[in-house]
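S.K.: Dumping the structure here so I can ask a few things about it.
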Amino acid sequence: MRVVFLSCFFSASILFLTNNLNLANALFLSILLVGLPGLAIVQMTVLNVSTISRRQAYLTSGVAIISMGFLALGLGLGISGPGGMGHYLDSGNWLREILVALVLTILGIGLLLAFSFLRRKGGLRETEVVRQLMPVTNEEKLLFSGLSVCAGLGEEIAYRGYAMSTVIMAGGSAIFAAIVTSVAFGLTHSYQGVIGICRTGMFGLMMGLALLYTDSLWSLVLAHTLIDLLVGLVLAEKLLD
């Protein structure tokens, strides 16, 4: 845990001293790219699967993710200049947003099914944590739906809208921003195991490239939410089999 905090502090210092980011943005970007992935990896070494409460996990995760998203939104909108986060939030064509979201949803589900096929071919299983977190009762499915909305909104704002635009404004290329944020995004899902990290990282890269292509965040938010809902409420048994 100490190594994670020191790494986060070190990276924040480097960003603050070598780029045009203020202290708040340097620190928050370091938390997203270094701190949260590090904590997720550490958490897996101490997580007791038998004590997982789905209801509590949905509620605490939902609150944490949406809080992260709103903090990213506040900080991101405070950064002025070309390439800032603000222009990703403007949308003049909602029909286009919906169509792009549907395409991304199909591609995302296809990606999940491909990883599921590769996992079965390799004789691997999803982690017990993933199995335990799938909703069972109607109440859990309702709470999971709320978590899906929080994840679609909070994670896309934080990792695609804020982190990518901030990395670009700090001097990184657009492709570098998409890659580095996707690696961090994948590592924050360490509870899904190695195959889950790769799967989530690829999903993040797909979303990052879509952001660069469409210049809009809303289709990503909608697609992310739809994919999470389909995974938890419709495809869970097929993907876990």
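Please treat every number below as a calculation from the coordinates, not as lab data. All values derive from a computational prediction rather than experimental measurement. Note that each Cβ is placed from the backbone with ideal geometry, even for glycine, and that neighbours are counted across all protein chains shown.
S.K.: Considering the chain as a Gaussian network with a 10 Å cut-off on Cα pairs, which listed residue, Asp228, Asp90, Asp215, attains the greatest mean-square fluctuation?
M.R.: Between Asp228, Asp90, Asp215, it is Asp90 that shows the largest mean-square fluctuation.
S.K.: While we're here: Taking N as the number of residues in the chain, what value does Rg over Cα atoms divided by 2.2 N^0.38 Å take?
M.R.: 0.99
S.K.: What shape does the stretch 1-143 take by its C-alpha gyration tensor, where a ≥ b ≥ c are the square roots of the eigenvalues and a/c under 1.5 counts as rounded, a/b above b/c as prolate, and the rest as oblate?
M.R.: It is oblate, given that a/c is not under 1.5 and a/b is not larger than b/c.
S.K.: Would you work out the charge dipole size for the stretch 78-155 about its Cα centre, treating the Cβ of every Lys and Arg as +1 and the Cβ of every Asp and Glu as -1, and quote it to the nearest 20 debye?
M.R.: With Lys and Arg at +1 and Asp and Glu at -1, about 460 debye.
S.K.: Choose one answer from Gly201, Gly35, Gly110: the residue with the largest mean-square fluctuation in a GNM of the chain with alpha-carbon springs under 10 Å.
M.R.: In the Gaussian network model the winner is Gly110.
S.K.: A follow-up question, please. Which of rounded, prolate or oblate describes the stretch 4-69 when judged by the alpha-carbon gyration tensor and an a/c cut-off of 1.5?
M.R.: oblate
S.K.: If one takes the longest principal axis of the Cα atoms in the chain, at what angle in degrees, from 0 to 90 and to the nearest 10, does the Cα axis of helix 36-46 lie?
M.R.: 30
S.K.: Moving to a separate point now. With +1 on each Lys and Arg Cβ and -1 on each Asp and Glu Cβ, how big is the dipole of the chain about its Cα centre, in debye rounded to the nearest 20?
M.R.: For this selection, approximately 520 debye.
S.K.: So, one more: Expressed as an acute angle from 0 to 90° and rounded to the nearest 10, what is the orientation of the C-alpha long axis of helix 218-233 relative to the principal long axis of the chain?
M.R.: That helix lies at roughly 20 degrees to the long axis.
S.K.: Quick check on the stretch 116-212: what are the equivalent-ellipsoid semi-axes from the Cα gyration tensor, as sqrt(5λ), descending, whole Å?
M.R.: In descending order, the three semi-axes are 27, 19, 9 Å.
S.K.: Once each part is reduced to its C-alpha centroid, what is the distance from the stretch 98-149 to the stretch 1-80 in angstrom?
M.R.: First find each Cα centre; the distance between them is then 23 Å.
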